[in-house]
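These notes are about the structure you will find just below.
The values are calculated or read from the model by the stated rules, or taken from the named source; none is laboratory data. Since the model is a prediction, treat every value here as computed from it, not as a measurement. Cβ sites come from the backbone with ideal geometry, for glycine too, and all protein chains shown count toward neighbours. We work out accessible area using only protein heavy atoms, side chains counted, and drop any ligands, DNA or RNA first. Shrake-Rupley method; radii C 1.70, N 1.55, O 1.52, S 1.80 Å.
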Amino acid sequence: MQEENFETLAIRLQAERSHYKEHSVPLYLTSSYKFDDAEEMRALFANEKEGNVYSRYANPNTDELIEKMAVLEGAETGWATASGMAAIFTTFAAFLKSGDHVLSSRSVFGSTHQLLNNIFSKWGITYDYADLDKLDQWENGIKSNTKMIFVETPSNPGIDIIDLEWLGKLAKKHNVLLVIDNCFATPYLQQPIKLGADISIHSATKFIDGQGRTLGGIILGSAVLMKEIEGFARHSGPAMSPFNAWLLSKSLETLAVRMDRHCENALKVAEFLEGNDKISRVMYPFLPSHPQYAIAKKQMKQGGGIVTLVIEGGVAAASRFMDKLKMFSISANLGDTRSIATHPATSTHSKLTEAERLQVGIEQGTVRLSIGLEHIDDILGDIKQALS
């Protein structure tokens, strides 16, 4: 396509039309495919010819989603998985072996922490954490057996940020894979591969879908790296369903306009909360008070749809605030059209110890707000009455 604008590409890139000349891409709900003859079947399985073999490997709907995401993020290609955690697990498992070491940001999603701490430790893979705001820890944390650097930025739920261009140069200096969880930003707000990352991962369940309907994960990178992903994923089977891929591809058509509203609303919420005497801390990338505000402005188009706050009074005060909310949903999800409140210490990050939570800024009074697309007056009105 000649057009290069994000919005146009997200809408106009699609699978090849069939002889029916459909305007909207159809669902390809098939597990397998028919071959013209025995020789074609042999050639396809021998990778001598391109084509569909089995929907665990590829499907027109997942192919379309992958192509769109790769173009929008500036990657060569990618792979679609059944969930965001399947994307993270697949990336780890495809590149790591016993004896390897991972240097990870300390503030990672609770299930990612469980993978590093409980699952991969059984396989002889070790890890260390580094803080996103302490750059010396990253240089000093790389060992002779470090194979991968893994980072969430902005992080969940602390909204910590690291300079991706600086981190990309560090990873290349030490010949280490740099993997970025780009879930909070989406390709519309941040493109890690263009800033030096090797692989970018998304939980498409969140803002990519944007309506709380489905699960999905996306892994993006170079064709060479995705061959390694493909080699693991084709046989371990974390495949995305054609129906979910179709939903997510259609969702990409409205990603830009949705993220614009998410960001506009979230910034207004963050500015309001920052002036409230019942709130001890507000974290949002585009607030000038954010410690990495300058970095966020450099590498993100806007600040995203997540605002994290700490309410004075600990878990009791946080619970009172959440229980008084009338419009906000209490849920563990985020990135929905509907505004959502989450208490990370007792839900998404409950498997971490209290000390581990405090290390990444999760206090008992911490509440994560996923700001939706409702009218800003209604969002602020609900927050105001819940704080009263």
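Results, tabulated for the structure shown:
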{"item": "Which listed residue, of 196, 158, 210, is touching a residue at least 60 places away in the same chain (Cβ under 8 Å), out of contact with any His (no Cβ under 7 Å at 6 or more places or on another chain), on the phi > 0 side of the Ramachandran plot and of a type outside the set (A, V, I, L, M)", "result": "210"}
{"item": "Subset of segment 240-265 [of a type in the set (A, V, I, L, M) and within 18 Å of the chain's Cα centre (by Cα)]", "result": "240, 245, 247, 248, 252, 255, 256, 259"}
{"item": "Residue match in segment 217-231 (condition: open to solvent by 10 Å² or more (accessible area, probe 1.4 Å), outside any helix (DSSP H, G or I), without any contact (Cβ under 8 Å) to a residue 60 or more places away in the chain and not small (Gly, Ala, Ser))", "result": "no"}
{"item": "Of residues in segment 240-267 being in contact with a Leu (Cβ under 7 Å, 6 or more places away or on another chain) and either open to solvent by 10 Å² or more (accessible area, probe 1.4 Å) or not in a helix (DSSP H, G or I) (or both), the one nearest to residue 307 (Cα to Cα)", "result": "261"}
{"item": "Qualifying residues in segment 312-359 (those that are assigned to a loop (DSSP other than H, G, I, E, B) and among the hydroxyl-bearing types (Ser, Thr, Tyr)) - the one surrounded by the most Cβ atoms within 10 Å (Cβ to Cβ)", "result": "339"}
{"item": "Residue identified as hydrophobic (A, V, I, L, M, F, W, C), over 20 Å from the mean Cα position of the chain (by Cα) and closer than 28 Å to residue 195 by Cβ among 386, 270, 318", "result": "270"}
{"item": "Residue satisfying condition, being touching a strand residue (DSSP E or B) at 6+ places or on another chain (Cβ under 9 Å), more than 30 Å from residue 116 (Cα to Cα) and of a type in the set (Gly, Ala, Ser), within set 345, 386", "result": "386"}
{"item": "Members of segment 101-110 found to be among the polar types (S, T, N, Q) and either modelled with pLDDT of 95 or more or surrounded by fewer than 24 Cβ atoms within 10 Å (Cβ to Cβ) (or both), listed by number", "result": "104, 105"}
{"item": "Enumerated helices (runs of 4 or more DSSP H) restricted to segment 1-115, each holding at least 1 residues that are free of Cβ contacts under 8 Å to residues at least 12 places away in the same chain and of a type in the set (Asp, Glu)", "result": "38-45"}
{"item": "Pairs with Cβ under 7 Å, 6+ apart, first in segment 250-263 and among the small types (Gly, Ala, Ser), second open to solvent by less than 10 Å² (accessible area, probe 1.4 Å) and assigned to a helix (DSSP H, G or I)", "result": "256/10"}
{"item": "Residue among 7, 22, 48, 16 that is open to solvent by 100 Å² or more (accessible area, probe 1.4 Å) and under 21 Å from residue 245 (Cβ atoms)", "result": "16"}
{"item": "Complete set of residues in segment 290-311 that are open to solvent by less than 70 Å² (accessible area, probe 1.4 Å) and in a loop (DSSP other than H, G, I, E, B)", "result": "290, 292, 300, 302, 303, 304, 305"}
{"item": "Which numbered condition residue 287 misses (of (1) open to solvent by 30 Å² or more (accessible area, probe 1.4 Å); (2) farther than 21 Å from residue 364 by Cα; (3) without any contact (Cβ under 8 Å) to a residue 40 or more places away in the chain)", "result": "(1)"}
{"item": "All strands (runs of 3 or more DSSP E) inside segment 120-214 with 2 or more residues being at pLDDT 95 or above and open to solvent by 10 Å² or more (accessible area, probe 1.4 Å)", "result": "126-130, 146-152, 177-181"}
{"item": "Segment 76-100 - residue that is open to solvent by less than 20 Å² (accessible area, probe 1.4 Å) and over 14 Å from residue 229 (Cα atoms) and, of those, farthest from the chain's Cα centre (by Cα)", "result": "100"}
